[in-house]
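This report concerns only the one structure given below.
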Amino acid sequence: MSQARKLYAGADIGASRTKVVLIDEDRKICGHATEKSGTDFTQTSERCLRLALAMAGTGKESIAGAVSTGYGRKNVAFSNDTKTEIACHARGCFHYFPEAITIIDIGGQDNKIIKIDGTGRRTAFKMNRKCAAGTGAFLEEMAMRLDIPLEDMNGLAELSTDMVKLGSYCTVFSGTEVLENIRHGKKVEDIVKGLFYSVIIRIVEMDSFTDTVVFTGGVIAHNRFMAEMAREILGKEILIPEHPQLTGALGAALYALHDDETEMLGKMDF
Amino acid sequence: MVEEKEIVIRRLNTARDLGKFMSEYYYELDAASKSGDKKIAWCTSVGPAEILRGLGFLVYFPETHSAMLGTTRMATELIPVANAIGYSPEICSYLTADVGAFLRNVTPLSKAFPGIEKVPRPDVLVYNTNQCRDVQDWFAFYAHRFNVPLLGINSYRGVGDVTGSHLASIKMQLENLIEPLEKIMGKKFDMDLFREAVKLSRECSDLWEQTLATASAKPSPLSFFDGTTLMGPAVVGRGTEAANNCYRMLNSELRERVDKGIGVIDNEKHRIYWDGMPVWGRLGQHSKLFAGLGANVIASTYCSSWIFSALDPKDPFESMARAYTELFIVRDDNYKENYIRNKLDFFDVDGVVYHNSRTCPNNTNCLYGMHQRLEKETGIPSLVIDGDLNDLRCLSDEQTRTNVEAFIEQLEENA
Ligand code: SF4
């Protein structure tokens, strides 16, 4: 009889989206799901797990271990351990790019800069903590002000020929600046590009960037043009993993696999 | 779902004795305020308390009161009251919380010490701007409200080497306090009493230094979070024998813990240094957060601020000038960097947490790149957390938790 298929789950419960990733013993992603986190993290994570399992074509019995991360990491019923999103993003990105990297993760509510060395060791991290500037929430707020769907922003920014520079780093002040620019008849696409620029600058001023930069998070997943702009601003090559929004969940799943392997090693009779 | 672990934090028995000291201290002030039979001076926490004691004043420290507004979490509701009369939310939240409490006519003292309804009424207010300018403005508010004299020392800031000219100026300012204080007190300054206060204050400083040094033991018998409340008598009682007795008792309990290898937490895996003010309204929460991760915050810049090793009864004015200028908070970044480096070494620290306190840049040391320089020089990783001493509107518990957990994970993975 063939051995049952073993899968490892990683759940990243972000303030805005919940992501679940399933990997197999070869570290391959075989299922994933993303949903709005909503107000019941336990239910949302269960729902994502079911969807990811369906994609993998298997059931809950295949799960050999699960780790949760993110804002709602303590609310995941199926997880055996928790890790911070910093650890998980680092793990997930190093999986794709095993070298000294600096990760810039732009999430819905915060952004993070994580530095890892060539062996995958985390050497430093920073989170923006004080306000929405430089996060997805900033873009959402501004899309509302401009009365455009969030998903149209990337396309609009690409069309810009004369970017509007916004000076303030306060979301509320930026909102006023946006209104002022609308009043002055500036084109929406030029304002949107200015907003992208503002997000990048908020991040650039958080740290210095010497290693290769990897971009992750939902904002970059949906606004690839921002990475192009960042490439210009930083004057560096920028890498983006295959699923930029899933690196946290992938990292969590890799931790689950690692824990299981460690446990197995402990049980082996050498 | 992941089970929460049980967290062990061992309380010190002598904390109760120190609590008794604080209670007697406040009741004595309250009685004097009600009866008017003893004069009361308000003094800044690193102000010229010894001179005031030498003249026979009872000394009250508004900063300690404000810290109580913080620990009781009354501060966050009171700060806006001061904001409304023009004190910015960006300035010292000790000041704004205290002024707010005064305007609302509330005090945490009445909860802690039944029968006390108000803060003691001052006969004089004496500040030293060695720590910041805010204390001068803070005391000026009360000078106006109570219509009492405001005296003070205007200190140097950002001092590198403490030179003769620094000392000469501060010494003269200290001496110049005597005459107006004599008038308020209605009696002559007694040099012997003053020397005695300086002597007792120096003893208190030495004893407190010994208290803090016990944290170099592994495991540490003491945490920063304990220190922030245990230091009460060293702040408000320095210059009295009763305060010194508290620390004799405390130190013997700590030595016993060290001898028996008893730590304040179980399983001290990581030894953390805290720089900056405590978040008063989150002391318990932060202490549990670190303890739950096997990390003990063993030492801090803040608790060491009440060490005045230069005090010398043989030369009381000059030595006071030196002691209150030599302080960490008065110095330049070069001195501060060295100071912290020595502490990291002495306490054998694995990681440093800098509290970027929104309303107290004076006690925040991660604003001019020092934290990054120190990290590079020592190889000891550091973390900056945003918050405030009193204003809980300036912090996010979730962000703090994630940051601290991620930092300890990093220490663990790199161990
Ligand atoms: S040192 Fe900081 S906390 Fe203390 S009184 Fe001055 S501003 Fe306030």
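The values are calculated or read from the model by the stated rules, or taken from the named source; none is laboratory data. Given the structure is predicted, the values throughout are model-derived calculations rather than measurements. Note that we place each Cβ from the backbone using ideal geometry, even for glycine, and neighbour counts take in every protein chain shown. Areas reflect the complete protein model, heavy atoms only, side chains present, ligands, DNA and RNA absent. Shrake-Rupley method; radii C 1.70, N 1.55, O 1.52, S 1.80 Å.
Quick notes on this structure:
- Taking B:Ala197, B:Ala49, B:Ala143 as the candidate residues, the one with maximal mean-square fluctuation in a Gaussian network model of chain B, Cα springs under 10 Å, is B:Ala143.
- When the alpha-carbon atoms of segment B:128-181 are used, the pair Rg, Dmax equals 12.9, 39 angstrom.
- Projected label distance in nm at B:Ala140 and A:Lys6, using a 7 Å step from Cα toward the beta-carbon: 7.1
- Placed amide H near B:Arg331: partners under 5 Å, 5+ positions off or other chain: B:Gly158, B:Val159
- Comparing mean-square fluctuations of A:Gly31, A:Gly167, A:Gly134 from a GNM of chain A with C-alpha springs under 10 Å, the top value falls on A:Gly167.
- Each residue, B:Arg373 and B:Arg73, gets one label point 7 Å from its Cα in the Cβ direction; the gap between the two is 3.9 nm.
- Between segment A:142-156 and segment A:4-31, the alpha-carbon center distance in angstrom: 31
- Qualifying aspartates and glutamates (Cα of each under 18 Å from Cα of B:Lys183; at least 8 residues distant if same chain): B:Asp37, B:Glu50, B:Asp123, B:Glu175
- For segment B:112-269, the ratio of Cα radius of gyration to the globular rule of thumb 2.2 N^0.38 Å stands at 1.31.
- Among the listed pairs A:Lys6/A:Lys28; A:Lys74/A:Lys126; B:Lys20/B:Lys111; A:Lys126/B:Lys376; A:Lys83/A:Lys112, those beyond 18 Å (Cα-Cα): A:Lys74/A:Lys126
- The candidates B:Glu4, B:Glu90, B:Glu326, B:Glu182, arranged from most to least accessible area with a 1.4 Å probe in the full protein assembly, appear as B:Glu4, B:Glu90, B:Glu326, B:Glu182.
- Overall form of segment B:178-259 per C-alpha gyration tensor (a/c, 1.5; a/b vs b/c): prolate
- Over the protein assembly as shown, the reciprocal of the mean inverse Cα-Cα separation, the Kirkwood hydrodynamic radius, stands at 27.7 Å.
- Alpha-carbon Rg with Dmax, taken over segment A:63-135, Å: 13.3, 40
- At 1.306 mPa s and 10 °C, Stokes diffusion of chain A via Kirkwood alpha-carbon radius, µm² per second: 82
- The separation of segment B:278-311 from segment B:208-224, counted between C-alpha centres, amounts to 11 Å.
- Cβ neighbours within 10 Å from other chains - mean over A:72-82: 2
- Interface between chains B and A: roughly 2200 Å² of accessible area buried, both sides summed (probe 1.4 Å, protein heavy atoms only).
- Segment B:381-415 residues near the modelled A:Lys74 label - backbone nitrogen below 14 Å, point 7 Å along Cα→Cβ: B:397-406
- Residue of B:Met74, B:Met185, B:Met172 that the Gaussian network model of chain B assigns the largest fluctuation, springs spanning Cα pairs under 10 Å: B:Met172
- Listed by chain and number, the lysines placed with their C-alpha closer than 18 angstrom to that of B:Lys218 are B:Lys260, B:Lys269, B:Lys343; residues fewer than eight positions away on the same chain are left out.
- Segment B:17-414: C-alpha gyration tensor shape, a/c 1.5 cut-off, then a/b vs b/c: prolate
- Rounded percent of accessible protein surface that carbon and sulfur make up, segment B:17-414, 1.4 Å probe: 50
- When its C-alpha radius of gyration is set against 2.2 N^0.38 Å (N residues), segment A:99-240 gives a value of 1.04.
- Here's the picture: charge each Lys and Arg Cβ at +1 and each Asp and Glu Cβ at -1 in the protein assembly as shown, and of B:Thr129, B:Phe102, A:Thr102 the one pushed furthest to the positive end of that dipole is B:Phe102.
- In the protein assembly as shown, the DSSP-assigned H stretches of four residues or longer account for a calculated mean residue ellipticity at 222 nm of -15000 deg cm²/dmol, using -39500 (n - 2.57) per stretch and the full residue count as denominator.
- The calculated FRET efficiency for the pair A:Glu25 and A:Leu51, based on their C-beta separation and a Förster distance of 22 Å, comes to about 0.55.
- Fraction of accessible area attributable to carbon and sulfur, chain A (%, probe 1.4 Å): 50
- Straight-distance candidates among the lysines for linking to A:Lys187, with alpha-carbon spacing under 18 Å and chain neighbours fewer than 8 residues away dropped: A:Lys165.
- Phi to ³J(HN,Hα) by Karplus 6.51 cos²θ - 1.76 cosθ + 1.60 over segment B:144-154, Hz, x for Gly, Pro: 5, 5, 8, 6, 10, x, 10, 10, x, 10, 9
- Kirkwood-based shape ratio for segment B:321-407, expressed as Rg/Rh from alpha carbons: 0.99
- In the complete set of protein chains, residue-level accessible area for A:Ser79 is approximately 10 Å², probe 1.4 angstrom.
- Accessible surface of B:Cys360 - all protein chains present, 1.4 Å probe, nearest 10 Å²: 20
- Across segment B:64-73, coupling constants 3J(HN,Hα) worked out from phi with the 6.51/-1.76/1.60 Karplus curve, θ = phi - 60°, read 5, 4, 5, 4, 5, 4, x, 5, 7, 6 Hz, and Gly and Pro carry x.
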